[in-house]
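Rule-based calculations on the coordinates, nothing more; no lab input. Since this is a predicted model, take the numbers as computed values, not measurements. Glycine also receives a Cβ, built like all others from the backbone with ideal geometry; neighbour counts cover every protein chain displayed.
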Amino acid sequence: MIIHMAKNSTKEQRQAVFDRIGSCGLKHEVIHGSTGIDVIGILGDTSSVEESFFAELGGVARVTRVTKPYRRVFRKVPSDSKIVRVGDLEIGGRDLVVMAGPCSVESEQQLMTIAAYVAGCGIKVLRGGAYKPRTSPYSFSGLGLEGLKLLARAREKHGLKIITEATGLHRHATKDGVMEEKNVLENVIEYADIVQVGARNMKSYGFLQEVARLTREKKIPILLKRGESSTIEDFLLAAEHIVIAGNPNVILCLRGIRTFEDTGFQRYTPDIGAIAVLKRECNLPVFFDPSHSTGYRENVHAVSMAAVAAGADGLLIETHNDPANALCDGEQSVTSEQLAKIKKDADLLRTCGICSN
Ligand code: PEP
Ligand code: MN
């Protein structure tokens, strides 16, 4: 942290700054500028000290932080990329990783049909929500534990990994109104290979810590989605919360942000540029969700290609065997044919040598 003193600051004011630095257990160094303005550099770990702690002192003109507030996930050198492992699968390595499946698990027949064609495309990870965070309390909120069991069956049958969302620490009521015994996070952790934390929970810091605490021993990776109105810095700091709480296996997933755009054309605005920023700032794998970010299946191929070209390590795609009758997000779910083309084209693009990664 650097403290710029005002031109007319006094000796006593400078001394008060030194004293305050000392009171934090930190050291300082003074640089006497040719303009007559002193600059005081604080030496040591300032991550828990706020800029305002010094900015409020008399004679201080400005305080600037030179270290990143997200110290753990910060990319220290260009080659410092973290690879997240799920069994034999490497995420953030040489190969592009596609995760695909329905928005929500609806029935055995639906999930098994989708799992079969997902695996048939050469995709290794099946997505599917057993618990759905719905804007309307009247919408389908998922099959719960029954959905998790179906995902586990699809994993077994097709040799897939499964990713599913933990929506919180609440208990889920089944369609008959009976409360499940364990809370959602506890159930998800028992079944998932990767735990998804959705956009709505990105800023639930207590929940992030609990997710990290319960997944760290089993080394279950967490895919963290960007909040729809969160800044990139907020997103990185949310990942930092998880890492500090003990689970370094975090995958970042962009999913579109809220702008002035009309939802008739795009559900959100695909934040493609953020891929380049995240890859530069941080060492975690970066995924892109072309389904929620666009909202319409016609746009999913184009945005998938853009994300891969911009350097994404993977894609999280919604697909459905009968999109017109899907219980959730049918309009943005691609068909099996569209999924196969996206996977083929994305792999081609990734290996052609012109992507930014
Ligand atoms: C999802 O991936 O199913 C989902 C609910 O996404 P988001 O948290 O990005 O809205
Ligand atoms: Mn969805």
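Observations on the model:
- Using R0 = 30 Å, the C-beta based FRET efficiency linking Met112 and Phe265 works out to 0.30.
- For Glu240, net neighbour charge (Lys/Arg +1, Asp/Glu -1) across residues whose Cβ lies under 9 Å away: +2
- Couplings 3J(HN,Hα) for the range 184-201, derived from phi with the Karplus relation 6.51 cos²θ - 1.76 cosθ + 1.60 (θ = phi - 60°), are 4, 4, 4, 5, 4, 4, 5, 10, 7, 8, 9, 9, 8, 10, x, 3, 5, 9 Hz, where x marks Gly and Pro.
- One decimal place: the segment Val178-Ile2 gains 57.6 nm when fully extended, by the rule 0.36 nm per residue minus the C-alpha distance.
- Within a Gaussian network of the chain (alpha carbon springs, distance under 10 Å), most fluctuating of Ser333, Ser141, Ser104: Ser141
- Efficiency of FRET from Cβ geometry, Arg65 and Glu12, R₀ 22 Å, rounded to 0.05: 0.30
- Using C-alpha pairs below 8 Å separated by at least 6 residues, the relative contact order for the chain is 15 percent.
- Each label was represented as a point 7 Å from its Cα along the Cα-to-Cβ direction; for Ser34 and Ser79 these points are 3.9 nm apart.
- Rounded to the nearest 20 debye, dipole of the range 192-269 from Cβ charges on Lys, Arg, Asp, Glu: 220
- Nearest-ten-degree value, helix 232-244 long axis tilted from longest Cα axis of the chain: 80
- Helix 336-351 and the longest principal axis of the C-alpha atoms of the chain enclose an angle of approximately 40°.
- Extreme residue, positive dipole direction of the range 1-98, given options Ile91, Ser47, Val66 (C-beta unit charges): Ile91
- For the chain, a Gaussian network of Cα nodes joined below 10 Å ranks Gly159, Gly22, Gly129 by mean-square fluctuation, and the top entry is Gly22.
- Ordering Cys103, Cys121 by the number of other Cβ atoms within 10 Å of each residue's own Cβ, fewest first, gives Cys121, Cys103.
- By the Cβ distance rule (another cysteine Cβ under 4.7 Å), the unpaired cysteines of the chain are Cys24, Cys121, Cys253, Cys282, Cys352, Cys355.
- Model label points for Glu50 and Leu89, set 7 angstrom from Cα along the Cα-to-Cβ axis, are 4.2 nm apart.
- Cα-centred dipole magnitude for the chain, charges only on beta-carbon of K, R (+1) and D, E (-1), debye, nearest 20: 740
- Fluctuation leader among Lys279, Lys343, Lys11 - the chain, Gaussian network, Cα springs under 10 angstrom: Lys11
- Degrees, to the nearest 10: 145-158 long Cα axis against longest axis of the chain: 80
- Rounded D (µm²/s) - the chain, Kirkwood Rh over Cα pairs, Stokes-Einstein at 37 °C, 0.692 mPa s: 149
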